[in-house]
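*Asks:* Submitted below is the structure of interest, expressed as structure tokens.
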Amino acid sequence: MRVLIVDDNQGMRLLIRRFFSDAPAEFVECAGGAQAVEECSTTRPDLILMDIMMPDVDGLEATRCITRMFPGVRIVILTDYDDPGLRSEAQRAGASDYFLKEDLSALRALLLRDIS
């Protein structure tokens, strides 16, 4: 399984990688939404962990673009914002799930289930 981590915070990308270090997956990192759209063309990830608030192209716009170009890819929003409006917008953009960064254990269960 190929997992693309998209977050403008390098420390958060490192934390996510370390948290899933024992998962049998290949991880690729991007620092923004525009880079994620480009990376999808070459990497063809199975799963994308997408932050929402990023300075270049935000995660919702990147999700819209990626799901149009690659309809089979699964995008999980991983954010600090527990906002019902953002959750709805993420779903409309094509995200399959929405998790908070403060609880990576729930995301871990989802990822390990998908890998098995």
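Derivation of every value follows stated rules applied to the coordinates shown; laboratory data play no part. Predicted, not measured: the structure shown is a model, and the values here were computed from it. Neighbour counts run over all protein chains shown; Cβ positions are idealised from the backbone, glycine included.
*Asks:* Send over the Kirkwood Rh of the chain, from the inverse of the averaged 1/r over different Cα pairs, rounded to one decimal Å.
*Replies:* Result for the chain, one decimal place: 13.8 Å.
*Asks:* Also: Measuring from a point 7 Å past the Cα of T43 along Cα-to-C-beta, which residues in segment 67-94 have an amide N at less than 15 Å?
*Replies:* Only 67, 70, 73-78 fall inside the zone, counting backbone N under 15 Å.
*Asks:* Using a cut-off of 12 Å between beta-carbons, work out the net charge of the residues near E102 (Lys and Arg +1, Asp and Glu -1, E102 not included).
*Replies:* Combined, the nearby Lys, Arg, Asp and Glu give -2.
*Asks:* Quick one: order M54, M12 by neighbouring beta-carbon count within 10 Å, fewest to most.
*Replies:* So the residues, fewest neighbours to most, are M12, M54.
*Asks:* Right, here's the next one. Using Cβ counts within 10 Å as a stand-in for footprinting exposure, how do L100, L4 rank, fewest first?
*Replies:* Exposure proxy ranking, most exposed first: L100, L4.
*Asks:* Quick check: residue separation of L15 and Q91 times 0.36 nm, minus the Cα distance between them. What number comes out in nm?
*Replies:* Between L15 and Q91, full extension yields 24.8 nm more.
*Asks:* Return C65, C30 ranked ascending by Cβ neighbour count within 10 Å, so the fewest neighbours appear first.
*Replies:* Exposure proxy ranking, most exposed first: C65, C30.
*Asks:* Over the chain, what is the relative contact order in percent, taking alpha-carbon pairs closer than 8 angstrom and at least six residues apart?
*Replies:* Relative CO of the chain lands at 24 percent.
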